[in-house]
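Reviewing the structure listed below.
The values are calculated or read from the model by the stated rules, or taken from the named source; none is laboratory data. Every value quoted in this text rests on a predicted model; they were computed, and no experiment measured them. All Cβ positions, glycine included, derive from the backbone under ideal geometry; neighbour counts span all protein chains shown.
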Amino acid sequence: IGFAPIVKGLNDIHKLLDLVLNEADLIKIGAFRKLNKLSFSALNEKGKKDLISAKLQATIELIKYYSVQYNWPKVNIIFQQGLFYAYWCRKKFKDSPGECFKRKTQLLEAFIFRHKFEINRGMRRWLVETSKEAKNHLKDDKTLQFINIKIACKIKLLQENKPILIKLAMKLCMGGTRKDKAFNCVTELKPFEKHLKEVGSYTGEYHYLLARAYAHQDDDISALKHLRIALEARVLDTKVIYEYKIVKYKKKRARGYRSAIH
């Protein structure tokens, strides 16, 4: 797995990263391996920064890929690799480490929410502290805003029967400026609908999360609408196929529920 002719002979950092982020599975894995083999030795300072940043972004993508495969040993290895890259990223970007903290926040998010695992206190604190560091350096970064809202909503929806944890999650993730009752995932997510690529999301992920938020408010019509959008999204790689399967299952359950009540 990972053999892809398009990758052979390609040494451009940005092109390899683009393949990791946007191409199908075999190309994704091949580009990731090639990117990891690129050496820092022949690069100038800017090139070294570009390479460490690209390697960090690529590990985030591969955690999602191996999570879909339920390959937890590989997920753990890639996560440790990502933490190593995050460390060196801050070393290289000493004067402006904001992007490194943002990528590390994404890395932690991908790892923590890899398959609806219980979010323990230590992981939650680690995620929140990293996010706060990123916000200190990137005040108005749209991607970071989306990441934090997405994390807060995932925690809220995952812990919906645990009000104390919800309250703590909202306080930590949203900076303690809003009460849980005032935090509305639908309202917070909607402004990003036309900017998914810009904020590092994709149709399957965004509309599935939005559908869950609508369902949480008992707005079944809107929930089904966004489930349908997620279901009809372009299926390119395993990551999207996984969202597709979840959506298909939820839609089937919703139909069964409606048949039972009518």
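Given the condition under 24 Å from Arg114 (Cβ atoms) and touching a residue at least 60 places away in the same chain (Cβ under 8 Å), answer yes or no: does some residue in the range 27-44 qualify? First the steps, then the outcome.
Taking the range 27-44 first, the residues under 24 Å from Arg114 (Cβ atoms) are 27-33, 35-36.
Remaining after also requiring touching a residue at least 60 places away in the same chain (Cβ under 8 Å): 28.
Yes, the range 27-44 contains at least one residue that is under 24 Å from Arg114 (Cβ atoms) and touching a residue at least 60 places away in the same chain (Cβ under 8 Å).
Out of the range 7-37, which residues are β-branched (Val, Ile, Thr) and in contact with a helix residue (DSSP H, G or I) (Cβ under 6 Å, 6 or more places away or on another chain)? Steps first, please.
Pass one, the range 7-37, residues β-branched (Val, Ile, Thr): 7, 13, 20, 27, 29.
Residues satisfying the conditions are Val7, Ile13, Val20, Ile27.
Could you check how many residues of the range 175-205 are at pLDDT 90 or above, in a helix (DSSP H, G or I) and not charged (D, E, K, R)?
Final tally of qualifying residues: 6.
Pick from Tyr208, Tyr214: which is part of a helix (DSSP H, G or I), more than 26 Å from Glu61 (Cβ to Cβ) and modelled with pLDDT of 70 or more?
On the way: Tyr208 fails: more than 26 Å from Glu61 (Cβ to Cβ).
Of Tyr208, Tyr214, the one residue that is part of a helix (DSSP H, G or I), more than 26 Å from Glu61 (Cβ to Cβ) and modelled with pLDDT of 70 or more is Tyr214.
Evaluate the range 55-63: report whether one residue or more is surrounded by fewer than 20 Cβ atoms within 10 Å (Cβ to Cβ) and over 15 Å from the mean Cα position of the chain (by Cα).
no
In the range 77-91, which residue that is under 16 Å from the mean Cα position of the chain (by Cα) and not small (Gly, Ala, Ser) is nearest to Thr130 (Cα to Cα)?
Once the filter is applied, the top-ranked residue is Leu83.
May I ask you to say which residue of Lys74, Lys91 is free of Cβ contacts under 8 Å to residues at least 24 places away in the same chain, more than 25 Å from Leu26 (Cα to Cα) and assigned to a helix (DSSP H, G or I)?
On the way: Lys74 fails: more than 25 Å from Leu26 (Cα to Cα).
One residue alone meets the criteria, Lys91.
Are any of the residues in the range 119-131 under 24 Å from Lys37 (Cα atoms), surrounded by fewer than 22 Cβ atoms within 10 Å (Cβ to Cβ) and in contact with a helix residue (DSSP H, G or I) (Cβ under 6 Å, 6 or more places away or on another chain)?
Filtering the range 119-131 down to residues under 24 Å from Lys37 (Cα atoms) leaves none.
Scanning the range 119-131 turns up no residue that is under 24 Å from Lys37 (Cα atoms), surrounded by fewer than 22 Cβ atoms within 10 Å (Cβ to Cβ) and in contact with a helix residue (DSSP H, G or I) (Cβ under 6 Å, 6 or more places away or on another chain).
In the range 26-68, what residues are more than 15 Å from Lys8 (Cβ to Cβ) and outside any helix (DSSP H, G or I)?
Scanning the range 26-68 gives Ser39, Phe40, Ser41, Ala42, Leu43, Asn44.
Go over the candidates Val7, Val20 one by one and state the one that is surrounded by 21 or more Cβ atoms within 10 Å (Cβ to Cβ) and not in a helix (DSSP H, G or I). Break it down into steps so the answer makes sense when it comes.
Details: Val20 fails: not in a helix (DSSP H, G or I).
From the options Val7, Val20, the qualifying one is Val7.
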